[in-house]
């Protein structure tokens with residue numbers, strides 16, 4: 001999507017106690033570091049007149065995580081104490097699924113989403129994919145996000161592996177990936193973020209893989 005003037009919203013996904021002190025703790029990057037970057041992104045958005053959408057995942061009472069009425073489901077104070085333009089409660093990974101998010105975007109003439117929060121590989125990932133499919137430009141700040149580890153019958157992966165691989169895939173097609181520092185600097189300069197595509201991402205990987213072989217033959 002190309003616009004003369006960007007109409008951006010910061011989407012703060014599921015920054016809830018469950019991920020910090022509850023039963024579903026973020027392991028990579030360090031959660032205190034990502035929380036600080038989420039704070040900085042929210043403050044920068046507020047200073048630049050960018051509307052902030054706060055998202056809260058809620059499960060039925062008795063669920064092992066995000067159960068309604070528990071401390072874990074509550075928004076973390078870093079988010080709960082800051083100004084927001086809109087609050088969305090969701091029950092599925094994508095912020096678009098079963099909510100008024102799409103209608104809010106249309107009503108506010110939003111064309112670009114900046115995504116922070118948890119988890120990189122689940123709610124962030126599904127939201128960014130759907131946003132791209134909806135024709136929106138997407139930005140992702142991975143140092144203001146995070147993952148946790150998995151093990152199941154398909155295998156196992158650490159939080160770092162999941163976070164890193166998802167971030168690489170996002171930048172290949174779905175989002176412009178940058179640090180919180182880079183995003184804040186971009187807001188000040190008005191510069192456009194660097195974007196990529198799947199073909200070039202793949203070709204760089206192949207070139208990097210074969211470069212040592214070429215060096216040996218020389």
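What follows is calculated from the coordinates using simple rules that are stated; it is not laboratory data. The structure presented is a predicted model; accordingly, all values stated were derived computationally and were not measured. Note that each Cβ is placed from the backbone with ideal geometry, even for glycine, and that neighbours are counted across all protein chains shown.
Checking the stated criteria, residue 168 turns out to be loosely packed, with under 15 Cβ neighbours inside 10 Å, at negative phi and touching a helix residue (DSSP H, G or I) at 6+ places or on another chain (Cβ under 8 Å).
Hey, among the residues in the stretch 39-91 that are in contact (Cβ under 8 Å) with a residue 60 or more places away in the chain and touching a helix residue (DSSP H, G or I) at 6+ places or on another chain (Cβ under 6 Å), which one's surrounded by the most Cβ atoms within 10 Å (Cβ to Cβ)? So the residue we want is 41.
Of all the residues in the stretch 179-214, those that are in contact with a strand residue (DSSP E or B) (Cβ under 9 Å, 6 or more places away or on another chain), exposed (fewer than 14 other Cβ atoms within 10 Å of the Cβ) and part of a helix (DSSP H, G or I) number 1. Being outside any helix (DSSP H, G or I), under 17 Å from residue 111 (Cβ atoms) and in contact (Cβ under 8 Å) with a residue 24 or more places away in the chain is a condition met by at least one residue of the stretch 140-162.
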